[in-house]
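To start, the structure itself, in structure tokens.
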Amino acid sequence: MTKLVASQREMATVEMTAGDASANRFQRVAHAKINLSLHVTGRRDDGYHLLDSLVGFAALGDIVSISSATADVFEISGPFSQMLSKESPDDNLVVKARDWLKARHGDLGLHISSSRIHLQKRLPIASGIGGGSSDAAATLGALARLWRTPADVLEDHATIAAALGADVPMCLHQSPLRVTGIGEKIAPWLHVPLLPCVLVNPGQAVSTPAVFKALGRRDNEPLNGMPPTFGSVEELAHWLRTETRNDLQAPAQSLCPPIETCRDALHRSGALLARMSGSGATCFGLFGTIEGAQNAASAIAQHQPEWFVETTAILPSPPQRDEDYGKWVESMKLVRSLH
């Protein structure tokens, strides 16, 4: 890889971060985590399930805003803030991420400021798209910029993230991945194009432990290696539809029948693939174009005005070659125009 492309790949990881270093204010999008496939392949003696999953991150997400303050403050707003506002702030992964990173700085004798953290909650709660985990990962990233965290502390991020939850380490990457084990084994999924999609949630929270309890078989087949390279969204969607699955979809639908209704609505609206993400209840539909996704979202929202329905796109892989950079830039411009 050339030095030019390496620097561009670094740009990809911070593309959705904005900030004013002179004013000590930073803002980061906590992208929705989408399980494009999720194979449950076993269960460890400690009860953790083994997974083999292809993961992407949608342009849509919560927004974490961080600035210097005289004392630590945590605030929540947004359309899905009410449920979180009833809980103790100490139970929120954003606060836990702040406290873990702050303690690590303290262990090393590094002086840091207090912080004001504002979480704009735009994603449904307990919906299978990793909202809380992505919030924590975004908090770690934004605080690292606020505090000008040294490189040796940055290397601890993965360890801190794993302590916060199994999904948090993957959310640090914000680009397509293959994730195995209990979420700790992470490999980049290269050459994934921008994937226009629609997210649909029927407005019902689903308990992840309940879904796993309803799962009939836990030793299912893993993926057959890394996915091949695809020339189009249509090719990728066909491969996902024929070669992969979400093993939690059937048990989740047994507990929450509207999940199937969401998938049916996406299919009827022209989705190339309609599947549940994670343990539900959010479903995603892949479309060949942004315009197709927007038309589908409009039609679904018109018939189901009480549902959460959003047009977005799953972020592409960072460019691997110099000649890939121009297409990646155009994709990111399109992403910014969506949200």
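The values are calculated or read from the model by the stated rules, or taken from the named source; none is laboratory data. Keep in mind that this is a model prediction, so the values were computed, not measured. Please note: Cβ atoms are built from the backbone with ideal geometry, for glycine as well, and neighbour counts cover all protein chains shown. Heads up: the accessible areas ignore ligands, DNA and RNA and are worked out on the full protein's heavy atoms, side chains in. Shrake-Rupley method; radii C 1.70, N 1.55, O 1.52, S 1.80 Å.
Just a few scattered comments:
- Taking amide H positions as modeled 1.01 Å from N, with prolines and chain starts lacking one, the residues under 5 Å from Ala30 and 5 or more places away or on another chain are Asp62, Ile63, Val64.
- Of all stretches in the chain that contain no GluC sites (Glu not before Pro) in a DSSP loop with at most 12 other Cβ atoms within 10 Å, the longest one is 156-305.
- Amide H partners (placed H, <5 Å) of Lys185, local residues excluded: Thr180
- Cα-based shape type of segment 197-248, given that a ≥ b ≥ c are square roots of the gyration tensor eigenvalues and the cut on a/c is 1.5: oblate
- Accessible carbon and sulfur surface of the chain relative to its total accessible area, %, 1.4 Å: 50 percent
- Taking Cα atoms only, the orientation of helix 233-243 departs from the longest principal axis of the chain by about 70 degrees.
- Rounded to 10°, Cα long-axis angle of helix 93-107 versus longest principal axis of the chain: 40 degrees
- At 0.890 mPa s and 25 °C, Stokes diffusion of segment 172-213 via Kirkwood alpha-carbon radius, µm² per second: 181 µm²/s
- Each 5 Å bin from zero holds the following percent of Cα-Cα pairs in segment 294-338: 5, 20, 20, 14, 13, 11, 8, 6, 2, 0.
- Sequence-distant lysines (8 or more away, or on other chains) whose Cα lies within less than 26 Å of Lys86: Lys33, Lys96, Lys102, Lys121
- What you get for the chain, charging only the Cβ of Lys and Arg (+1) and of Asp and Glu (-1), is a dipole of about 180 debye around the Cα centre.
- DSSP-loop trypsin sites (Lys or Arg not before Pro) across segment 238-339, with at most 15 other Cβ within 10 angstrom: Arg321
- Equivalent ellipsoid, segment 60-106 (semi-axes from 5 times Cα gyration tensor eigenvalues, Å): 21, 13, 11
- Computed over segment 188-339, the ratio Rg/Rh where both radii use C-alpha atoms and Rh is Kirkwood: 0.99
- Loop-resident trypsin sites (Lys or Arg not before Pro) (DSSP state other than H, G, I, E or B) in segment 48-137 with no more than 13 further Cβ atoms inside 10 Å of their Cβ: Lys86.
- Loop-resident trypsin sites (Lys or Arg not before Pro) (DSSP state other than H, G, I, E or B) in segment 131-233 with no more than 15 further Cβ atoms inside 10 Å of their Cβ: Arg148, Arg217, Arg218.
- Rounded to the nearest whole Hz, the Karplus-based 3J(HN,Hα) values (6.51 cos²θ - 1.76 cosθ + 1.60, θ = phi - 60°) of segment 51-66 follow the sequence 10, 9, 9, 9, 10, x, 10, 6, 4, 5, x, 5, 10, 10, 10, 9, with x at glycine and proline.
- Segment 136-255: projected area of the alpha-carbon convex hull, averaged over directions, in nm²: 9.9 nm²
- Kirkwood Rh, Cα atoms: Rg over Rh of the chain: 0.95
- For the chain, the solvent-accessible area works out to 44 Å² per residue, with a probe of 1.4 Å and every protein chain left in place.
- Short-range pairs are left out: with C-alpha atoms under 8 Å and at least six residues apart, the relative contact order of the chain is 23 percent.
- The chain: angle of helix 258-268 to the longest principal axis, Cα-based, in degrees nearest 10: 70 degrees
- Candidate cross-link partners of Lys213 among the aspartates and glutamates, defined by an alpha-carbon separation under 16 Å and a same-chain spacing of 8 or more, comprise Asp45, Asp46, Asp247.
- Rg(Cα)/(2.2 N^0.38 Å) for segment 230-307, N = residue count: 1.10
- Rounded to two decimals, the Cα-based Rg/Rh of segment 57-182, with Kirkwood Rh, is 0.95.
- Based on every Cα atom in segment 38-78, Rg and the maximum pairwise Cα distance Dmax equal 18.4, 48 Å.
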